[in-house]
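The values are calculated or read from the model by the stated rules, or taken from the named source; none is laboratory data. Everything numeric here is computed off the predicted structure, so don't read it as measured data. Cβ atoms come from the backbone with ideal geometry, glycine included; neighbour counts cover every protein chain shown. SASA here: full protein model, heavy atoms, side chains in, ligands and nucleic acids out. Shrake-Rupley method; radii C 1.70, N 1.55, O 1.52, S 1.80 Å.
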Amino acid sequence: VSLRAAMTALIRRAAGTLAAAGGAGLVYWSVALDDTQRTALSFEAFSRAMPLARLVDAESAHRLAVAALAARVAPKETRLDAPELSTTLFGRHLSNPLGLAAGFDKGAEAIPALFGLGFGLVEVGSITPKPQDGNPKPRVFRLTEHRAIINRYGFNSDGCAAAARRLATFRAENSLATATTAGATTTTTTSSTSTSTSSSLLGVNLGKNKLSTDSAADYAAGTEALAFFADYLVINVSSPNTPGLRGLQESAELTKLVRAVKDTLRTLEKDRGVQWVNGCPPPVVVKLAPDLNGEEIRNIARAAMRSGVDGLIVSNTTVSRPGGIADHERASEAGGLSGPPLMDLSTQTLREVYRATGGKIPIIGVGGVSSGRDAYRKIRAGASVVQLYTAFAYEGPALVPAIKEELAACLRSDGYESVADAVGADYREKKSGGRRRRST
């Protein structure tokens, strides 16, 4: 019996035991409550079980969570998002701007359940061309009192072939559009109905193999294998856990990688006859580190605009140990730090990237988000949408509707009718001497 099968059986048995333990009370409440109340209760129930995950080590808990979601053992959102949360990214409508960052569902195993939690976008990966184990264990460490994590996974990946099979199954099960090639039809994306709903986006985050000597070839290979299934593609050059990877953020290297990915997309269309459903290939996004100085940010911004990058993700984990983290017993562990201690650094980097690009490139803000107010800070700093990961790992599904509710309240409180109105508000107000100016 595979480990995944054993985990799935254990999860289902635990769920059955919990249901039985509730007995008549659960039956009563399921009848007495309306749909909205039942949904809220189911999210709260799953989140209340999150402390049980800390009975095992962090990586085992991560694998159990993905296995549970892959088995559809999860609550499902039935409530409509607040109208203020409606927004667009890459010309596509989103019912809300809250996403799940790459790193949680590395192998594209749990996409339907993750969308079912109410995320506006879900990003899977990082996915490397060939399967690889990543760094030796242990490689994930909780800093529980800080609600933070240090990880050095090192792009552990099942590889593109396995991910492509799962992504194809997801697309087929959701009655999605197809792209046609000469003599064949391939499940793909880029239409307004290409995710679990018409108002959400699926991102595919690409990485390189650790022993590869040709980074551009690796990202091109990932593009060739997975572009069909992505609403947007991410070139991840900012993980601190693959030797030499962050060096690819340097202007010339970054331009080379973007060209390789975009050339591959053009080749798929021109030489292999792919007809993208909406008339163009998926947008290409670059994920950056938070540990960049002002000159590096300006150089990256210029390279991104020259090479036609469609979006930026700011940011990945940090190799720094800010605040009280430096005194933690785990502070000396190698790897990237995520969670609330990353919030200020990543948001400041986001603010600088927005200023360096003049707001001309959409930014996905990530790093330390654990509340609606955190998400609002990212948006005001320049993020079009936001992602979370570590807070979700600690708090569970109930955090998703809680963040959306608080974010909508923040927008209303400041008089914004939509997310788009608030994007880059800090920058605009600073330029105008403190007077509020809405985006156009």
Mind checking the per residue accessible area of the chain for me, 1.4 Å probe, whole number of Å²? 42 Å²
The aspartates and glutamates whose Cα lies under 15 Å from the Cα of Lys270, excluding any fewer than 8 residues away in the same chain, are Glu224
Contour excess over end-to-end distance, with Cα ends at Met305 and Asp327 and 0.36 nm allotted per residue: 3.9 nm
Using only protein heavy atoms and a 1.4 Å probe, report how much of Glu352 is accessible, in Å² to the nearest 10. 50 Å²
Accessible area of Asp291 in the full protein assembly, 1.4 Å probe (Å², nearest 10): 50 Å²
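Just add up the charged neighbours of Val204: K/R +1, D/E -1, any other residue whose Cβ is under 9 Å from the Cβ of Val204.
In short, -2.
Just to verify a number: FRET efficiency for Leu52 and Glu417, C-beta to C-beta distance, R0 = 56 Å, to 0.05?
0.85
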Under the rule of -39500 (n - 2.57) per DSSP H run of 4 or more residues, summed and divided by the residues of the chain, what mean residue ellipticity at 222 nm is obtained, to the nearest 500 deg cm²/dmol? -13000 deg cm²/dmol
Would you mind pulling out the separation of the Cα centroids of the stretch 238-311 and the stretch 361-440, in Å? 25 Å
What pairs in Lys208/Lys256; Lys378/Lys430; Lys208/Lys360; Lys76/Lys287; Lys137/Lys287; Lys106/Lys256 have C-alpha atoms more than 21 Å from each other? Lys208/Lys360; Lys76/Lys287; Lys137/Lys287; Lys106/Lys256
Need one number: % antiparallel among DSSP beta bridges in the chain, to the nearest 5. 35 percent
Which value, in Å² rounded to 10, gives the accessible area of Lys210 with a 1.4 Å probe and all protein chains present? 100 Å²
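In the chain, carbon and sulfur make up what percent of the accessible area (probe 1.4 Å)?
That share works out to 53 percent.
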With helices defined as uninterrupted DSSP H runs, which ones in the chain have an alpha carbon span along their own long axis of at least 15 Å and mean Kyte-Doolittle hydropathy of at least -1.0? 3-32, 35-48, 58-70, 160-173, 215-226, 251-270, 294-307, 343-357, 399-413
